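Visitor: Okay, here's the structure, questions in a sec.
The values are calculated or read from the model by the stated rules, or taken from the named source; none is laboratory data. Predicted model only: the values in this text are computed from it and were never measured. No Cβ is skipped: glycine too gets one built from the backbone with ideal geometry, and neighbour counts run over all protein chains shown. Surface areas here come from the heavy atoms of the whole protein model, side chains and all, with no ligands, DNA or RNA. Shrake-Rupley method; radii C 1.70, N 1.55, O 1.52, S 1.80 Å.
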Protein chains: 2
Amino acid sequence: MSQRTVISLESIRVACKNCTLSSLCLPMGLAQEDVERLDDIVKRARPLHRGDSLFREGDKFRSLYVVKTGSVKTFAPSQEGGEQVLGFHLPGEIIGLDAIDKDVHACSARVLETSAICEIPFARLEELTANIPSLQHQMYRLLSKEIGQDTDMLLLLGKKNAEERLAAFLLSLSQRLHKRGLSPSDFYLSMSRHEIGNYLGLAVETVSRLFTRFQEDGLMQVDRKHIQLVDLPALEALVKGVGQGRDKQQQPG
Amino acid sequence: MSQRTVISLESIRVACKNCTLSSLCLPMGLAQEDVERLDDIVKRARPLHRGDSLFREGDKFRSLYVVKTGSVKTFAPSQEGGEQVLGFHLPGEIIGLDAIDKDVHACSARVLETSAICEIPFARLEELTANIPSLQHQMYRLLSKEIGQDTDMLLLLGKKNAEERLAAFLLSLSQRLHKRGLSPSDFYLSMSRHEIGNYLGLAVETVSRLFTRFQEDGLMQVDRKHIQLVDLPALEALVKGVGQGRDKQQQPG
DNA sequence: CGCGCGATTGAGCTATTTCAACCCCTGTGG
DNA sequence: CCACAGGGGTTGAAATAGCTCAATCGCGCG
(Lines give C-alpha, C1' and ligand atoms only; values in the text may rest on other atoms or scores of the structure.)
Protein backbone atom coordinates (compact mmCIF):
# COMPACT_ATOMS: atom_id res chain seq x y z
CA MET A 1 0.00 0.00 0.00
CA SER A 2 2.61 2.56 0.95
CA GLN A 3 4.64 1.24 -1.95
CA ARG A 4 1.80 1.94 -4.33
CA THR A 5 1.36 5.39 -2.90
CA VAL A 6 4.95 6.34 -3.48
CA ILE A 7 4.82 5.19 -7.05
CA SER A 8 1.64 7.10 -7.60
CA LEU A 9 3.02 10.30 -6.21
CA GLU A 10 6.11 10.03 -8.29
CA SER A 11 4.13 9.55 -11.44
CA ILE A 12 2.20 12.66 -10.63
CA ARG A 13 5.43 14.48 -10.02
CA VAL A 14 6.72 13.59 -13.43
CA ALA A 15 3.51 14.48 -15.15
CA CYS A 16 3.51 17.70 -13.24
CA LYS A 17 6.87 18.55 -14.66
CA ASN A 18 5.32 18.23 -18.08
CA CYS A 19 2.37 20.38 -17.39
CA THR A 20 4.49 23.11 -15.88
CA LEU A 21 6.60 23.00 -18.94
CA SER A 22 3.80 23.33 -21.38
CA SER A 23 1.95 26.01 -19.49
CA LEU A 24 4.75 28.28 -18.57
CA CYS A 25 7.35 27.65 -21.17
CA LEU A 26 5.34 27.10 -24.29
CA PRO A 27 7.56 28.49 -26.96
CA MET A 28 10.76 27.49 -25.23
CA GLY A 29 13.46 29.97 -24.57
CA LEU A 30 14.37 28.37 -21.29
CA ALA A 31 17.68 26.70 -20.68
CA GLN A 32 17.54 23.18 -19.35
CA GLU A 33 19.02 24.41 -16.13
CA ASP A 34 16.31 27.02 -15.74
CA VAL A 35 13.58 24.54 -16.42
CA GLU A 36 14.88 22.52 -13.54
CA ARG A 37 14.98 25.50 -11.27
CA LEU A 38 11.41 26.18 -12.17
CA ASP A 39 10.46 22.63 -11.59
CA ASP A 40 12.08 22.63 -8.20
CA ILE A 41 9.62 25.11 -6.82
CA VAL A 42 6.55 23.26 -8.07
CA LYS A 43 4.92 21.34 -5.28
CA ARG A 44 3.91 17.80 -5.97
CA ALA A 45 0.20 17.26 -6.01
CA ARG A 46 -1.99 14.96 -4.02
CA PRO A 47 -5.00 13.76 -5.95
CA LEU A 48 -8.03 15.85 -5.14
CA HIS A 49 -11.65 14.79 -5.36
CA ARG A 50 -14.92 16.22 -6.53
CA GLY A 51 -15.94 19.06 -4.28
CA ASP A 52 -12.49 19.75 -2.84
CA SER A 53 -11.46 23.38 -2.74
CA LEU A 54 -8.20 24.71 -4.08
CA PHE A 55 -8.90 28.02 -2.45
CA ARG A 56 -11.88 30.10 -1.48
CA GLU A 57 -12.86 33.65 -2.03
CA GLY A 58 -11.10 35.75 0.59
CA ASP A 59 -8.20 33.37 1.13
CA LYS A 60 -4.77 34.88 1.10
CA PHE A 61 -3.09 34.39 -2.24
CA ARG A 62 -0.05 32.13 -2.04
CA SER A 63 0.14 29.95 -5.09
CA LEU A 64 -0.89 29.46 -8.64
CA TYR A 65 -2.33 26.08 -9.54
CA VAL A 66 -1.92 24.08 -12.70
CA VAL A 67 -4.36 21.35 -13.58
CA LYS A 68 -2.54 18.17 -14.46
CA THR A 69 -5.51 15.88 -14.92
CA GLY A 70 -9.18 16.34 -14.19
CA SER A 71 -10.97 19.67 -14.10
CA VAL A 72 -11.67 22.59 -11.84
CA LYS A 73 -14.25 25.33 -11.85
CA THR A 74 -13.73 28.83 -10.54
CA PHE A 75 -16.65 30.90 -9.38
CA ALA A 76 -17.44 34.10 -7.55
CA PRO A 77 -20.44 34.84 -5.41
CA SER A 78 -22.86 37.21 -7.07
CA GLN A 79 -25.81 38.24 -4.92
CA GLU A 80 -27.76 36.38 -2.30
CA GLY A 81 -26.13 33.01 -2.40
CA GLY A 82 -26.03 32.98 -6.17
CA GLU A 83 -22.73 32.41 -7.89
CA GLN A 84 -21.18 33.19 -11.22
CA VAL A 85 -19.10 30.43 -12.73
CA LEU A 86 -16.05 32.17 -14.11
CA GLY A 87 -14.37 29.30 -15.83
CA PHE A 88 -13.71 25.63 -16.24
CA HIS A 89 -10.08 24.65 -16.14
CA LEU A 90 -8.79 21.65 -18.00
CA PRO A 91 -5.42 19.91 -17.94
CA GLY A 92 -2.55 22.26 -18.68
CA GLU A 93 -4.44 25.34 -17.57
CA ILE A 94 -3.47 27.68 -14.80
CA ILE A 95 -5.59 29.06 -11.99
CA GLY A 96 -5.23 31.99 -9.67
CA LEU A 97 -3.73 34.73 -11.81
CA ASP A 98 -6.48 37.14 -10.87
CA ALA A 99 -5.40 37.10 -7.22
CA ILE A 100 -1.95 38.60 -7.71
CA ASP A 101 -3.25 42.12 -7.68
CA LYS A 102 -4.93 42.21 -4.31
CA ASP A 103 -2.97 39.35 -2.81
CA VAL A 104 -6.31 37.78 -1.95
CA HIS A 105 -8.43 35.38 -3.93
CA ALA A 106 -11.53 37.04 -5.30
CA CYS A 107 -13.02 33.78 -6.45
CA SER A 108 -13.15 30.19 -5.28
CA ALA A 109 -11.83 27.14 -7.08
CA ARG A 110 -13.46 23.77 -6.68
CA VAL A 111 -12.46 20.45 -8.18
CA LEU A 112 -15.11 18.93 -10.44
CA GLU A 113 -13.77 15.39 -10.60
CA THR A 114 -10.81 13.48 -9.27
CA SER A 115 -7.91 15.61 -10.35
CA ALA A 116 -4.20 16.13 -9.94
CA ILE A 117 -3.20 19.73 -9.40
CA CYS A 118 0.27 21.22 -9.15
CA GLU A 119 0.88 24.13 -6.85
CA ILE A 120 3.37 26.87 -7.65
CA PRO A 121 4.17 29.21 -4.76
CA PHE A 122 3.96 32.59 -6.37
CA ALA A 123 6.60 34.31 -4.26
CA ARG A 124 9.17 31.79 -5.36
CA LEU A 125 8.05 31.95 -8.95
CA GLU A 126 8.37 35.69 -8.85
CA GLU A 127 11.93 35.48 -7.59
CA LEU A 128 12.73 33.08 -10.34
CA THR A 129 11.27 35.24 -13.06
CA ALA A 130 13.34 38.17 -11.87
CA ASN A 131 16.44 36.16 -12.69
CA ILE A 132 15.30 34.52 -15.91
CA PRO A 133 14.19 37.08 -18.46
CA SER A 134 12.63 34.54 -20.77
CA LEU A 135 10.59 33.17 -17.90
CA GLN A 136 9.49 36.65 -17.01
CA HIS A 137 8.36 37.08 -20.56
CA GLN A 138 6.39 33.85 -20.36
CA MET A 139 4.69 35.11 -17.26
CA TYR A 140 3.68 38.30 -18.97
CA ARG A 141 2.39 36.29 -21.87
CA LEU A 142 0.47 34.00 -19.59
CA LEU A 143 -1.23 36.88 -17.83
CA SER A 144 -1.89 38.62 -21.10
CA LYS A 145 -3.38 35.49 -22.57
CA GLU A 146 -5.80 35.25 -19.70
CA ILE A 147 -6.94 38.77 -20.48
CA GLY A 148 -7.43 37.81 -24.08
CA GLN A 149 -9.57 34.87 -23.10
CA ASP A 150 -11.71 36.97 -20.85
CA THR A 151 -12.15 39.32 -23.75
CA ASP A 152 -13.43 36.50 -25.90
CA MET A 153 -15.87 35.64 -23.19
CA LEU A 154 -17.08 39.23 -23.02
CA LEU A 155 -17.79 39.07 -26.69
CA LEU A 156 -19.67 35.85 -26.20
CA LEU A 157 -21.85 37.17 -23.40
CA GLY A 158 -22.34 40.55 -24.96
CA LYS A 159 -23.17 39.63 -28.51
CA LYS A 160 -24.14 36.02 -28.93
CA ASN A 161 -27.42 34.25 -28.52
CA ALA A 162 -28.00 31.02 -26.64
CA GLU A 163 -27.27 28.78 -29.61
CA GLU A 164 -24.01 30.50 -30.42
CA ARG A 165 -22.93 30.47 -26.81
CA LEU A 166 -23.39 26.78 -26.37
CA ALA A 167 -21.73 26.01 -29.67
CA ALA A 168 -18.79 28.19 -28.69
CA PHE A 169 -18.57 26.46 -25.35
CA LEU A 170 -18.50 23.02 -26.88
CA LEU A 171 -15.91 24.02 -29.42
CA SER A 172 -13.77 25.60 -26.75
CA LEU A 173 -13.77 22.37 -24.77
CA SER A 174 -13.10 20.43 -27.92
CA GLN A 175 -10.10 22.50 -28.86
CA ARG A 176 -8.62 22.59 -25.42
CA LEU A 177 -8.90 18.84 -25.04
CA HIS A 178 -7.43 18.36 -28.46
CA LYS A 179 -4.47 20.49 -27.52
CA ARG A 180 -3.76 18.04 -24.74
CA GLY A 181 -3.87 15.10 -27.06
CA LEU A 182 -7.39 14.03 -26.14
CA SER A 183 -10.26 13.46 -28.48
CA PRO A 184 -11.75 16.71 -29.75
CA SER A 185 -15.06 15.10 -30.57
CA ASP A 186 -15.72 12.55 -27.86
CA PHE A 187 -15.53 13.50 -24.21
CA TYR A 188 -17.31 13.60 -20.90
CA LEU A 189 -18.53 16.78 -19.28
CA SER A 190 -17.42 17.08 -15.69
CA MET A 191 -19.79 19.92 -14.97
CA SER A 192 -23.56 19.93 -14.64
CA ARG A 193 -25.99 21.55 -17.05
CA HIS A 194 -26.63 24.03 -14.33
CA GLU A 195 -23.00 25.04 -14.18
CA ILE A 196 -22.82 25.32 -17.95
CA GLY A 197 -25.85 27.56 -17.97
CA ASN A 198 -24.47 29.65 -15.18
CA TYR A 199 -21.19 30.06 -17.03
CA LEU A 200 -22.86 30.99 -20.30
CA GLY A 201 -25.45 33.28 -18.77
CA LEU A 202 -28.32 30.96 -19.68
CA ALA A 203 -31.01 29.12 -17.74
CA VAL A 204 -30.50 25.39 -17.22
CA GLU A 205 -33.60 24.68 -19.22
CA THR A 206 -32.23 26.58 -22.17
CA VAL A 207 -29.04 24.57 -22.10
CA SER A 208 -30.98 21.36 -21.92
CA ARG A 209 -33.23 22.30 -24.81
CA LEU A 210 -30.26 23.28 -26.92
CA PHE A 211 -28.52 19.99 -26.31
CA THR A 212 -31.67 18.29 -27.49
CA ARG A 213 -31.94 20.51 -30.52
CA PHE A 214 -28.30 20.17 -31.50
CA GLN A 215 -28.75 16.45 -31.33
CA GLU A 216 -31.89 16.54 -33.45
CA ASP A 217 -30.03 18.66 -35.97
CA GLY A 218 -27.27 16.08 -36.19
CA LEU A 219 -24.61 18.35 -34.75
CA MET A 220 -23.81 16.12 -31.81
CA GLN A 221 -24.71 13.07 -29.78
CA VAL A 222 -25.61 13.58 -26.15
CA ASP A 223 -25.92 10.87 -23.57
CA ARG A 224 -25.95 12.46 -20.16
CA LYS A 225 -22.40 13.67 -19.62
CA HIS A 226 -21.09 11.90 -22.66
CA ILE A 227 -20.69 14.22 -25.61
CA GLN A 228 -19.82 13.40 -29.17
CA LEU A 229 -19.42 16.24 -31.57
CA VAL A 230 -20.53 14.86 -34.89
CA ASP A 231 -20.37 17.93 -37.07
CA LEU A 232 -17.58 20.22 -35.96
CA PRO A 233 -17.74 22.43 -39.06
CA ALA A 234 -21.43 23.08 -38.52
CA LEU A 235 -20.78 24.06 -34.93
CA GLU A 236 -18.07 26.41 -36.07
CA ALA A 237 -20.42 27.94 -38.57
CA LEU A 238 -22.93 28.50 -35.78
CA VAL A 239 -20.38 30.35 -33.67
CA LYS A 240 -19.12 32.47 -36.52
CA GLY A 241 -22.61 33.82 -36.58
CA VAL A 242 -24.27 32.37 -39.61
CA GLY A 243 -27.09 33.29 -37.37
CA GLN A 244 -25.75 36.84 -37.47
CA GLY A 245 -25.17 38.89 -34.32
CA ARG A 246 -26.69 42.21 -33.46
CA ASP A 247 -25.09 45.55 -33.91
CA LYS A 248 -23.86 46.55 -37.30
CA GLN A 249 -22.42 49.72 -35.86
CA GLN A 250 -19.70 51.31 -37.87
CA GLN A 251 -17.78 54.10 -36.27
CA PRO A 252 -16.85 57.34 -38.07
CA GLY A 253 -13.34 58.65 -37.96
CA MET B 1 4.01 79.25 -32.14
CA SER B 2 6.95 76.92 -31.80
CA GLN B 3 7.45 78.44 -28.39
CA ARG B 4 3.92 77.59 -27.39
CA THR B 5 4.31 74.08 -28.73
CA VAL B 6 7.36 73.42 -26.64
CA ILE B 7 5.66 74.60 -23.53
CA SER B 8 2.64 72.50 -24.26
CA LEU B 9 4.66 69.38 -24.84
CA GLU B 10 6.57 69.92 -21.69
CA SER B 11 3.42 70.21 -19.66
CA ILE B 12 2.21 66.97 -21.11
CA ARG B 13 5.53 65.42 -20.30
CA VAL B 14 5.21 66.37 -16.69
CA ALA B 15 1.65 65.23 -16.40
CA CYS B 16 2.67 62.06 -18.12
CA LYS B 17 5.21 61.44 -15.45
CA ASN B 18 2.42 61.60 -12.94
CA CYS B 19 0.16 59.23 -14.71
CA THR B 20 2.91 56.70 -15.22
CA LEU B 21 3.64 56.94 -11.57
CA SER B 22 0.14 56.34 -10.45
CA SER B 23 -0.59 53.56 -12.86
CA LEU B 24 2.50 51.51 -12.53
CA CYS B 25 3.77 52.32 -9.11
CA LEU B 26 0.64 52.73 -7.11
CA PRO B 27 1.67 51.40 -3.75
CA MET B 28 5.20 52.68 -4.05
CA GLY B 29 8.14 50.45 -3.54
CA LEU B 30 10.16 52.16 -6.21
CA ALA B 31 13.29 54.09 -5.45
CA GLN B 32 13.42 57.62 -6.80
CA GLU B 33 16.18 56.57 -9.12
CA ASP B 34 14.07 53.75 -10.53
CA VAL B 35 11.12 56.00 -11.05
CA GLU B 36 13.30 58.16 -13.19
CA ARG B 37 14.55 55.22 -15.17
CA LEU B 38 10.98 54.24 -15.77
CA ASP B 39 10.06 57.72 -16.75
CA ASP B 40 12.90 57.91 -19.21
CA ILE B 41 11.42 55.26 -21.43
CA VAL B 42 7.97 56.82 -21.56
CA LYS B 43 7.41 58.63 -24.79
CA ARG B 44 5.91 62.05 -24.62
CA ALA B 45 2.46 62.29 -26.09
CA ARG B 46 1.08 64.45 -28.83
CA PRO B 47 -2.56 65.38 -28.29
CA LEU B 48 -4.81 63.06 -30.22
CA HIS B 49 -8.31 63.82 -31.45
CA ARG B 50 -11.64 62.12 -31.64
CA GLY B 51 -11.44 59.23 -34.07
CA ASP B 52 -7.67 58.85 -34.00
CA SER B 53 -6.39 55.33 -33.63
CA LEU B 54 -3.82 54.25 -31.07
CA PHE B 55 -3.57 50.90 -32.78
CA ARG B 56 -5.76 48.62 -34.82
CA GLU B 57 -6.57 44.99 -34.63
CA GLY B 58 -3.76 43.08 -36.33
CA ASP B 59 -1.07 45.71 -35.69
CA LYS B 60 2.18 44.49 -34.29
CA PHE B 61 2.36 45.05 -30.56
CA ARG B 62 5.02 47.55 -29.56
CA SER B 63 3.81 49.68 -26.73
CA LEU B 64 1.41 50.03 -23.90
CA TYR B 65 -0.53 53.26 -23.70
CA VAL B 66 -1.57 55.23 -20.69
CA VAL B 67 -4.36 57.74 -20.89
CA LYS B 68 -3.29 61.05 -19.44
CA THR B 69 -6.36 63.08 -20.22
CA GLY B 70 -9.41 62.32 -22.32
CA SER B 71 -10.73 58.88 -23.06
CA VAL B 72 -10.26 55.94 -25.37
CA LYS B 73 -12.42 53.02 -26.34
CA THR B 74 -11.14 49.59 -27.27
CA PHE B 75 -13.18 47.31 -29.45
CA ALA B 76 -12.94 44.10 -31.40
CA PRO B 77 -14.78 43.13 -34.54
CA SER B 78 -17.44 40.55 -33.93
CA GLN B 79 -19.23 39.30 -37.03
CA GLU B 80 -20.15 41.06 -40.24
CA GLY B 81 -18.91 44.53 -39.55
CA GLY B 82 -20.34 44.53 -36.07
CA GLU B 83 -18.05 45.34 -33.19
CA GLN B 84 -17.89 44.63 -29.51
CA VAL B 85 -16.79 47.52 -27.35
CA LEU B 86 -14.39 46.02 -24.86
CA GLY B 87 -13.78 48.97 -22.65
CA PHE B 88 -13.63 52.70 -22.09
CA HIS B 89 -10.35 53.95 -20.76
CA LEU B 90 -10.15 57.02 -18.59
CA PRO B 91 -7.17 59.02 -17.33
CA GLY B 92 -4.65 56.91 -15.49
CA GLU B 93 -5.71 53.70 -17.19
CA ILE B 94 -3.53 51.50 -19.31
CA ILE B 95 -4.26 50.00 -22.70
CA GLY B 96 -2.76 47.13 -24.64
CA LEU B 97 -2.00 44.50 -22.03
CA ASP B 98 -3.96 41.90 -23.95
CA ALA B 99 -1.55 42.07 -26.86
CA ILE B 100 1.54 40.86 -25.02
CA ASP B 101 0.63 37.25 -25.51
CA LYS B 102 0.46 37.07 -29.27
CA ASP B 103 2.62 40.11 -29.91
CA VAL B 104 -0.22 41.40 -32.04
CA HIS B 105 -3.13 43.59 -31.12
CA ALA B 106 -6.38 41.67 -31.06
CA CYS B 107 -8.47 44.77 -30.66
CA SER B 108 -8.42 48.37 -31.83
CA ALA B 109 -8.16 51.48 -29.73
CA ARG B 110 -9.77 54.71 -30.77
CA VAL B 111 -9.70 58.07 -29.08
CA LEU B 112 -13.14 59.34 -28.08
CA GLU B 113 -12.26 62.97 -27.46
CA THR B 114 -9.17 65.13 -27.56
CA SER B 115 -6.77 63.22 -25.37
CA ALA B 116 -3.18 63.00 -24.26
CA ILE B 117 -1.78 59.51 -24.30
CA CYS B 118 1.62 58.31 -23.12
CA GLU B 119 3.32 55.50 -24.93
CA ILE B 120 5.51 52.97 -23.17
CA PRO B 121 7.59 50.76 -25.46
CA PHE B 122 7.02 47.34 -24.00
CA ALA B 123 10.41 45.88 -24.83
CA ARG B 124 12.11 48.58 -22.83
CA LEU B 125 9.68 48.28 -20.00
CA GLU B 126 10.31 44.58 -19.90
CA GLU B 127 14.04 45.10 -19.63
CA LEU B 128 13.49 47.51 -16.85
CA THR B 129 11.23 45.20 -14.90
CA ALA B 130 13.83 42.46 -15.11
CA ASN B 131 16.18 44.70 -13.15
CA ILE B 132 13.74 46.20 -10.70
CA PRO B 133 11.91 43.52 -8.74
CA SER B 134 9.36 45.88 -7.30
CA LEU B 135 8.54 47.12 -10.76
CA GLN B 136 8.17 43.58 -11.96
CA HIS B 137 5.74 43.00 -9.16
CA GLN B 138 3.79 46.09 -10.18
CA MET B 139 3.56 44.71 -13.68
CA TYR B 140 2.19 41.44 -12.45
CA ARG B 141 -0.30 43.28 -10.34
CA LEU B 142 -1.31 45.45 -13.24
CA LEU B 143 -1.94 42.48 -15.47
CA SER B 144 -3.72 40.63 -12.71
CA LYS B 145 -5.91 43.61 -12.01
CA GLU B 146 -6.99 43.70 -15.61
CA ILE B 147 -8.07 40.09 -15.30
CA GLY B 148 -10.03 40.93 -12.19
CA GLN B 149 -11.82 43.73 -14.00
CA ASP B 150 -12.71 41.48 -16.89
CA THR B 151 -14.09 39.05 -14.36
CA ASP B 152 -16.32 41.73 -12.93
CA MET B 153 -17.54 42.42 -16.40
CA LEU B 154 -18.30 38.76 -16.97
CA LEU B 155 -20.42 38.79 -13.88
CA LEU B 156 -22.18 41.86 -15.13
CA LEU B 157 -22.97 40.44 -18.54
CA GLY B 158 -23.78 37.00 -17.23
CA LYS B 159 -26.01 37.79 -14.32
CA LYS B 160 -27.34 41.31 -14.37
CA ASN B 161 -30.32 42.81 -16.08
CA ALA B 162 -30.37 46.00 -18.08
CA GLU B 163 -31.04 48.25 -15.11
CA GLU B 164 -28.24 46.78 -13.04
CA ARG B 165 -25.83 46.96 -15.95
CA LEU B 166 -26.38 50.61 -16.60
CA ALA B 167 -26.22 51.46 -12.91
CA ALA B 168 -22.97 49.53 -12.61
CA PHE B 169 -21.59 51.32 -15.63
CA LEU B 170 -22.41 54.75 -14.26
CA LEU B 171 -20.96 53.91 -10.88
CA SER B 172 -17.82 52.55 -12.46
CA LEU B 173 -17.30 55.80 -14.34
CA SER B 174 -18.08 57.73 -11.21
CA GLN B 175 -15.54 55.90 -9.11
CA ARG B 176 -12.83 55.97 -11.70
CA LEU B 177 -13.22 59.68 -12.24
CA HIS B 178 -13.29 60.26 -8.51
CA LYS B 179 -10.02 58.38 -8.15
CA ARG B 180 -8.47 60.90 -10.49
CA GLY B 181 -9.71 63.80 -8.46
CA LEU B 182 -12.65 64.60 -10.72
CA SER B 183 -16.25 64.89 -9.69
CA PRO B 184 -17.88 61.52 -9.08
CA SER B 185 -21.35 62.85 -9.65
CA ASP B 186 -21.06 65.36 -12.43
CA PHE B 187 -19.39 64.50 -15.71
CA TYR B 188 -19.70 64.31 -19.44
CA LEU B 189 -19.92 61.09 -21.39
CA SER B 190 -17.47 60.91 -24.24
CA MET B 191 -19.16 57.91 -25.78
CA SER B 192 -22.47 57.61 -27.59
CA ARG B 193 -25.52 55.76 -26.29
CA HIS B 194 -24.85 53.27 -28.99
CA GLU B 195 -21.37 52.56 -27.66
CA ILE B 196 -22.66 52.25 -24.13
CA GLY B 197 -25.27 49.78 -25.25
CA ASN B 198 -22.75 47.84 -27.24
CA TYR B 199 -20.43 47.67 -24.26
CA LEU B 200 -23.18 46.56 -21.90
CA GLY B 201 -24.77 44.11 -24.27
CA LEU B 202 -27.94 46.19 -24.63
CA ALA B 203 -29.76 47.84 -27.48
CA VAL B 204 -29.40 51.60 -27.83
CA GLU B 205 -33.09 52.03 -27.20
CA THR B 206 -32.83 50.21 -23.91
CA VAL B 207 -30.04 52.46 -22.76
CA SER B 208 -31.99 55.50 -23.75
CA ARG B 209 -35.13 54.33 -21.95
CA LEU B 210 -33.14 53.54 -18.84
CA PHE B 211 -31.57 56.98 -18.78
CA THR B 212 -35.04 58.41 -18.94
CA ARG B 213 -36.32 56.12 -16.23
CA PHE B 214 -33.39 56.73 -13.91
CA GLN B 215 -34.04 60.40 -14.31
CA GLU B 216 -37.73 60.02 -13.60
CA ASP B 217 -36.86 58.04 -10.51
CA GLY B 218 -34.63 60.83 -9.27
CA LEU B 219 -31.44 58.80 -9.51
CA MET B 220 -29.75 61.13 -11.93
CA GLN B 221 -30.02 64.12 -14.22
CA VAL B 222 -29.36 63.59 -17.88
CA ASP B 223 -28.82 66.27 -20.44
CA ARG B 224 -27.40 64.73 -23.56
CA LYS B 225 -23.83 63.85 -22.63
CA HIS B 226 -23.98 65.67 -19.36
CA ILE B 227 -24.60 63.34 -16.45
CA GLN B 228 -25.27 64.19 -12.84
CA LEU B 229 -25.62 61.35 -10.44
CA VAL B 230 -28.05 62.60 -7.85
CA ASP B 231 -28.53 59.52 -5.73
CA LEU B 232 -25.36 57.46 -5.61
CA PRO B 233 -26.55 55.21 -2.78
CA ALA B 234 -29.66 54.26 -4.72
CA LEU B 235 -27.59 53.40 -7.74
CA GLU B 236 -25.37 51.25 -5.59
CA ALA B 237 -28.39 49.49 -4.19
CA LEU B 238 -29.53 48.78 -7.72
CA VAL B 239 -26.23 47.17 -8.63
CA LYS B 240 -26.05 45.13 -5.48
CA GLY B 241 -29.15 43.48 -6.75
CA VAL B 242 -31.98 44.77 -4.66
CA GLY B 243 -33.58 43.65 -7.82
CA GLN B 244 -32.10 40.22 -7.09
CA GLY B 245 -30.17 38.23 -9.69
CA ARG B 246 -30.99 34.79 -10.98
CA ASP B 247 -29.42 31.58 -9.95
CA LYS B 248 -29.52 30.58 -6.34
CA GLN B 249 -27.39 27.56 -7.10
CA GLN B 250 -25.52 26.13 -4.18
CA GLN B 251 -22.96 23.48 -4.88
CA PRO B 252 -22.59 20.27 -2.86
CA GLY B 253 -19.26 19.20 -1.55
C1' DC C 1 -31.45 77.53 -42.64
C1' DG C 2 -31.65 72.93 -43.67
C1' DC C 3 -29.48 68.34 -43.36
C1' DG C 4 -28.22 64.42 -40.79
C1' DC C 5 -27.17 61.74 -37.14
C1' DG C 6 -27.76 60.66 -32.37
C1' DA C 7 -31.31 60.21 -29.17
C1' DT C 8 -35.90 59.36 -27.71
C1' DT C 9 -40.35 57.25 -27.71
C1' DG C 10 -43.93 53.98 -29.01
C1' DA C 11 -45.69 49.35 -30.17
C1' DG C 12 -45.43 44.84 -31.33
C1' DC C 13 -42.37 40.55 -31.42
C1' DT C 14 -39.50 36.93 -29.83
C1' DA C 15 -35.85 34.64 -27.54
C1' DT C 16 -35.22 33.22 -23.25
C1' DT C 17 -36.75 32.80 -18.58
C1' DT C 18 -39.79 31.16 -15.24
C1' DC C 19 -42.82 27.98 -13.27
C1' DA C 20 -44.24 23.40 -12.93
C1' DA C 21 -44.53 18.70 -13.79
C1' DC C 22 -42.25 14.64 -14.83
C1' DC C 23 -38.57 11.36 -15.87
C1' DC C 24 -34.60 8.80 -15.08
C1' DC C 25 -30.42 7.53 -13.08
C1' DT C 26 -27.90 6.48 -8.90
C1' DG C 27 -27.22 5.28 -4.68
C1' DT C 28 -29.01 3.65 -0.25
C1' DG C 29 -31.12 0.96 3.03
C1' DG C 30 -34.27 -2.45 4.28
C1' DC D 1 -32.59 -7.69 -4.67
C1' DC D 2 -35.88 -4.38 -4.78
C1' DA D 3 -38.16 -0.05 -3.25
C1' DC D 4 -37.57 4.48 -2.58
C1' DA D 5 -35.59 9.06 -2.19
C1' DG D 6 -33.28 12.74 -4.29
C1' DG D 7 -30.83 15.25 -7.52
C1' DG D 8 -29.98 16.24 -12.18
C1' DG D 9 -32.06 16.55 -16.44
C1' DT D 10 -35.84 17.11 -19.74
C1' DT D 11 -40.08 18.94 -21.46
C1' DG D 12 -44.18 21.91 -21.82
C1' DA D 13 -46.74 26.21 -21.26
C1' DA D 14 -47.02 30.81 -19.82
C1' DA D 15 -44.75 35.24 -18.68
C1' DT D 16 -41.53 38.86 -19.77
C1' DA D 17 -37.37 41.52 -20.48
C1' DG D 18 -35.35 43.41 -23.92
C1' DC D 19 -35.05 43.63 -29.09
C1' DT D 20 -36.63 45.21 -33.50
C1' DC D 21 -38.97 48.18 -36.34
C1' DA D 22 -40.61 52.65 -37.17
C1' DA D 23 -41.60 57.35 -36.46
C1' DT D 24 -40.30 61.73 -34.42
C1' DC D 25 -37.40 64.89 -32.29
C1' DG D 26 -33.68 68.12 -31.77
C1' DC D 27 -29.07 69.49 -31.47
C1' DG D 28 -24.91 70.56 -34.04
C1' DC D 29 -22.73 71.56 -38.11
C1' DG D 30 -21.94 73.07 -42.69
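Visitor: Roughly how many Å² of A:E127 are accessible to a 1.4 Å probe, to the nearest 10?
Guide: Ignoring ligands and nucleic acids, A:E127 comes out at about 120 Å².
Visitor: Sorted by mean Cβ packing within 10 Å, highest first, what order do the peptides A:167-175, B:71-79, B:209-217 take?
Guide: Per-residue mean Cβ counts within 10 Å order the peptides as B:71-79, A:167-175, B:209-217.
Visitor: Could you compute how much accessible area chains B and A hide from each other, both sides summed, with a 1.4 Å probe? Nearest 100 Å² is fine.
Guide: Accessible area lost upon association: around 5500 Å².
Visitor: Next up: Within a 10 angstrom radius of each residue's Cβ in B:100-107, how many Cβ atoms of other chains show up on average? Whole number is fine.
Guide: Taking all residues of B:100-107 together, the mean is 4.
Visitor: For B:D223, place a label point 7 Å from Cα along the Cα-to-Cβ direction in every copy; what are the distances to the other copies, in nm, shortest first?
Guide: 6.9
Visitor: Assuming R0 = 30 Å, what is the FRET efficiency of A:S183 and A:A237, from their Cβ-Cβ distance, to the nearest 0.05?
Guide: So the FRET efficiency works out to roughly 0.90.
Visitor: Same structure, new question: Roll a 1.4 angstrom probe over the protein heavy atoms and tell me the percent of accessible area of region A:49-136 that is carbon or sulfur. All intermediate terms of the calculation are to be shown ahead of the outcome.
Guide: Values: 1390 of 2990 Å².
Percent of accessible area from carbon and sulfur atoms in region A:49-136: 46.
Visitor: Please give every one of the lysines within straight-line cross-link reach of A:K43, meaning a C-alpha to C-alpha distance under 17 Å, and leave out same-chain neighbours fewer than 8 residues apart.
Guide: A:K17, A:K68
Visitor: Mean shadow of region B:78-169, computed from the convex hull of its alpha carbons, in nm²?
Guide: 8.1
Visitor: Treating the beta-carbon of each Lys and Arg as +1 and of each Asp and Glu as -1, no other charges, what is the dipole magnitude of region B:160-239 about its Cα centre, to the nearest 20 debye?
Guide: Dipole size: approximately 320 debye.
Visitor: Along the charge dipole of region A:160-239, Cβ charges K/R +1 and D/E -1, which of A:L235, A:H178, A:L166 sits furthest on the positive end?
Guide: Towards the positive end, the residue furthest out is A:H178.
Visitor: Let me ask something else. Under 17 Å Cα to Cα from A:K60, which lysines show up? Leave out anything in the same chain fewer than 8 places away.
Guide: Cross-link targets: A:K102, B:K145.
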